[in-house]
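Report on the structure given below.
Coordinate-derived values only; no laboratory data. Predicted model, so just to flag it, every value in this text is computed and none were measured. Please note: Cβ atoms are built from the backbone with ideal geometry, for glycine as well, and neighbour counts cover all protein chains shown.
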Amino acid sequence: MRVVALGATRGMGRSLTRLMAERGDRLFLLGRDPEELAKAARDLEIRAGNDLQIGSAHCDLEDPDGFTGALDRAAATLGGLDGVIVTAGIFATQEALEQDPAAARRLLEVDFVRTVEFCEEARRRLLTGGGGTLCVFSSVAGERGRKPVVLYGAAKAGLTRYLEGLDHKFRGQGLVTVCVKPGFVRTGMTAGLSAPPFAGEPDAVARQVLSAIDRGTPVIYVPGAWRWIMLMIRSLPRAVMRRVGF
Ligand SMILES: NC(=O)c1ccc[n+]([C@@H]2O[C@H](COP(=O)([O-])OP(=O)(O)OC[C@H]3O[C@@H](n4cnc5c(N)ncnc54)[C@H](OP(=O)(O)O)[C@@H]3O)[C@@H](O)[C@H]2O)c1
């Protein structure tokens with residue numbers, strides 16, 4: 001596959017692109033920090049073990065004017081695109097966001113509005129090329145309105161619905177949408193938070209996501225136990241949700 005990845009410098013994006021490089025997929029990295037991008041690209045080149053250079057370009061989810069140019073560079077370097085992976089995103093606690101309206105606006109913009117704008121650019125390119133896979137990381141936080149993730153969860157709920165709509169509208173034209181819903185995964189994003197039972201590790205999650213990409217699975221919960229946890233949480237009455245703390 002010829003794949004462009006936004007968010008491969010850390011966490012689950014780094015784990016996923018490592019697996020893809022090791023099996024011979026051709027990658028192009030997008031991100032906001034040139035030094036981190038260069039380091040990630042070099043790491044992937046070593047893992048790929050061939051002489052191919054892995055290209056990268058600046059792309060910041062807070063700067064939508066750069067999306068077109070970044071994807072153009074990726075497509076030109078790879079000679080086309082078979083897949084686009086979006087693991088970029090930000091998180092802050094509900095308490096922090098309630099106290100800082102600017103931070104709340106930034107999170108809502110990055111995790112929903114800008115991510116959708118980026119995906120729209122990616123979708124157009126993939127469809128123009130005859131189809132391909134758009135794999136985007138949403139969250140179980142978007143499954144139900146919950147006290148600790150009111151704002152983050154709202155952004156991810158919007159993203160999940162958008163991806164569902166893309167699947168319904170464009171699957172027949174060759175666009176394979178993979179919506180990844182992580183539960184709690186131990187990455188830099190969750191550092192300092194107390195891990196619940198069934199917390200996952202990024203490398204194990206990446207293996208599950210790669211398998212979903214290969215199979216074209218439209219929705220995947222990672223680790224898998226979160227599918228059943230969220231089934232239970234979705235069924236709880238509102239009166240219970242008001243009383244419990246999760
Ligand atoms: N970890 C979890 O438990 C969990 C649970 C549910 C959902 N998720 C979602 O899964 C995805 C990956 O999470 P993760 O834990 O792997 O996160 P992570 O380790 O914090 O990595 C986040 C990535 O996003 C990039 N990024 C952040 N802001 C950006 C921006 N404005 N423009 C471009 N790139 C930006 C970061 O790049 P830099 O190197 O420049 O910082 C980094 O590569 C996210 O969408 C997250 O919301 C995570």
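Some values worked out for this structure:
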| item | result |
| --- | --- |
| Restricting the range 4-106 to GluC sites (Glu not before Pro) in coil, as DSSP defines it, with at most 16 other Cβ within 10 Å | GLU62 |
| Full-extension gain in nm, ALA103 to ALA76, via 0.36 nm per residue minus C-alpha separation | 6.2 nm |
| Cα centroid separation - the range 120-191 against the range 26-84, whole Å | 20 |
| Leading residue at positive end of dipole, the chain (Cβ point charges), from CYS179, ILE233, THR190 | ILE233 |
| Unit charges on C-beta of K, R, D, E only; dipole of the range 75-207, Debye | 260 |
| Residues with amide H under 5 Å from that of TYR221, placed H, sequence gap 5 or more | LYS181 |
| Kirkwood Rh, angstrom, the range 148-246 [1 / mean 1/r, Cα pairs] | 15.1 |
| Whichever aspartates and glutamates have a C-alpha closer than 18 Å to that of LYS39, once near sequence neighbours (fewer than 8 apart) are set aside | GLU22, ASP51, ASP60 |
| Summed side-chain charge close to PRO196 - residues other than PRO196 whose Cβ falls under 13 Å, Lys, Arg +1, Asp, Glu -1 | +2 |
| Inter-site label distance for VAL116 and ILE90 at 7 Å from Cα along Cβ, in nm | 1.9 |
| Residue order, fewest to most surrounding Cβ atoms within 10 angstrom, among VAL244, VAL149, VAL116 | VAL244, VAL116, VAL149 |
| Magnitude of the charge dipole, the range 2-243, Cβ model with Lys/Arg +1 and Asp/Glu -1, debye to 20 | 1060 |
| Sorted largest first, extent of the chain alpha carbons per principal axis (Å) | 57, 39, 33 |
| Whole-Hz ³J(HN,Hα) from phi, Karplus 6.51 cos²θ - 1.76 cosθ + 1.60, for the range 56-62, glycine and proline x | 8, 8, 5, 7, 10, 4, 8 |
| Calculated from backbone phi, Karplus (6.51, -1.76, 1.60) coupling profile of the range 149-156 in Hz, x at Gly/Pro | 9, 4, 7, 4, x, 5, 4, 6 |
